[in-house]
Amino acid sequence: MRRLVVSAPHSLAWQDFTLAAPPAGQAQIRTHLSAVSISSELSVVAGLPSGSSPAPLGYQTLGVIEAVGPDVSLQAGQRVVCTLGHASHGNILAKNLIPVPHGVSDRTALCSILGEETHKGLRKLSPQPGEQILIAGAGLLGLLSVFNLTRRGLDQVTVLEPDPHRRALALEFGARAAHAPGELPHDQFDVGVECSASPAGFAELLRHLRRSARCGVLSDGNWGALVLPPEFHSRELTLVASSDGEDYPTYAAWLWAHADPVLEKLFEQVVPVGNLVEVFGNLGTCPRPVSVLVDWRDLEAPDS
C-alpha cells in the first residue's frame, strides 16, 4: 500500500504503509481514480515548511469498498467517493463516504467533492434571478461554479478567462459569455466569483463589479497574495470567502439527478499512477489542464 506525500518543499515521494482491518464504523477503500486539484495541491507542494512531517496530497478519490468494520451498512464492492487523496488504500469513516449509484460515471462522481465546495461558496453569495454574475477563472472551480449556477436557473453568467480553450469550455458548461481580460466594461456585475487563483484576475474581477456588489473568493492555493484594489473601497463591495463544503451527500444527490456528459471534460488528462510524480513536475508551467485524473487500477506506484 502506497501514498504520495510531500517530503520537503517541492519534493514528492512514495510512502509505503500497512493498513489494519477497518474498525467499527469504518470501511476499507481501494482507490480506482484520484483527481488533482492543481492550484490547491501545488500550494501544498511548494508551501510545506522545512522540517515538517511528510504531508499527504490530494482529496478527490473514487474507489471501491474492499472490507467493512462492525456497524457499517455499506457493502464490499460498492463504488464510493471520499477524500482519501493520492493513496492506494485507506480506512475511512463510513459516514464520510458517498455511495455512487449505477448509471453515474466515475468522472461525474468525482465532481461531488469540489462541486459541493463551490456550491457552498455560491450559497453564501445567494445570487438572485436576473443578477449579472461574473466568474474569474475557468479552471476546475470556475467551471463547476458555472455548472452549479446555470443548472439552478441562474443564466446571467459571464466568465473572465485568458485561455481561449477554457473560454470555450465555459460556454459548453452553460455560461452566457466568456471574455479575455480587458474585453469587458467595468462597473457592470452584481456578483463576482473569484476562481482564478490569480492576483491580477482577482483585481480585475473587482473592477467589473457595481457599487455595493458582493464577491466570493473560492480559490485557494493562489499564485501570490490577493490584494484589494481601490475599487473595493470606492464601490463599497462585500467580500466573503469559502473553503470546505458543508453537506456533501445532499449535493451528491442533486448531482446524480443533474448528471451531464459535459462534466467528463473537466478531466482533460488521464495518467497512470506510476507517472504521477512526473505530472506534478510538469504542472508548474503553463498551459495547465483543468484537472488531471490518476488511474490506480492497472499500474502500481514505482519504487523510489
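Just so you know, all these numbers are worked out from the coordinates, no wet-lab data involved. Only a predicted model underlies this, so the values are computations on that prediction, with no experimental measurement involved. Cβ atoms come from the backbone with ideal geometry, glycine included; neighbour counts cover every protein chain shown.
Details
- Taken over the stretch 148-304, the ratio of Cα radius of gyration to 2.2 N^0.38 Å equals 1.21.
- Selection from H233, V217, H165, by position along the positive dipole direction of the chain (Cβ): H233
- Kirkwood radius and radius of gyration were both taken over the C-alpha atoms of the chain, and their ratio Rg/Rh is 0.99.
- Sparse packing (at most 15 other Cβ atoms within 10 Å of the Cβ) combined with a DSSP loop state is found for the following trypsin sites (Lys or Arg not before Pro) in the stretch 203-304: R297.
- C-alpha long axis of helix 140-150 to longest principal axis of the chain, angle in °: 70 degrees
- Taking L114, L160, L19 and counting other C-beta atoms within 10 Å, the order from fewest to most: L19, L114, L160
- Taking label positions 7 Å along the Cα-Cβ direction at both V64 and H102, the computed distance is 1.6 nm, reported to one decimal.
- Here the label points at E246 and A21, each 7 Å from Cα along the C-beta direction, are separated by 4.0 nm in the simple model.
- Stretching R211 away from R151 to a fully extended chain increases their span by 18.9 nm, per 0.36 nm per residue minus the current alpha-carbon distance.
- Amide H within-cut-off set for G85, under 5 Å, with H built and near neighbours excluded: Y59, Q60, T61
- Across the stretch 167-180, rounded Karplus estimates of 3J(HN,Hα) from the backbone phi angles (6.51 cos²θ - 1.76 cosθ + 1.60, θ = phi - 60°) give 4, 5, 4, 4, 5, 4, 6, x, 5, 6, 8, 9, 10, 7 Hz, Gly and Pro being marked x.
- Per-pair calculated FRET efficiency, R0 = 41 Å: Q75 and A180 via Cβ, rounded to 0.05: 0.25
- Nearby aspartates and glutamates by direct alpha-carbon distance to K120 (threshold 17 angstrom, same-chain neighbours under 8 apart not counted): E194, D220, D244, E246, D247
- Amide N of the stretch 254-293 lying under 14 Å from the label point, which is placed 7 angstrom from the Cα of E172 along Cα→Cβ: 260-270, 289-291
- Rg/Rg_ref, the stretch 116-241, where Rg_ref = 2.2 N^0.38 Å and atoms are Cα: 0.92
- Evaluated on the stretch 44-126, the Kirkwood hydrodynamic radius is 14.8 Å, with distances taken between all distinct Cα atoms.
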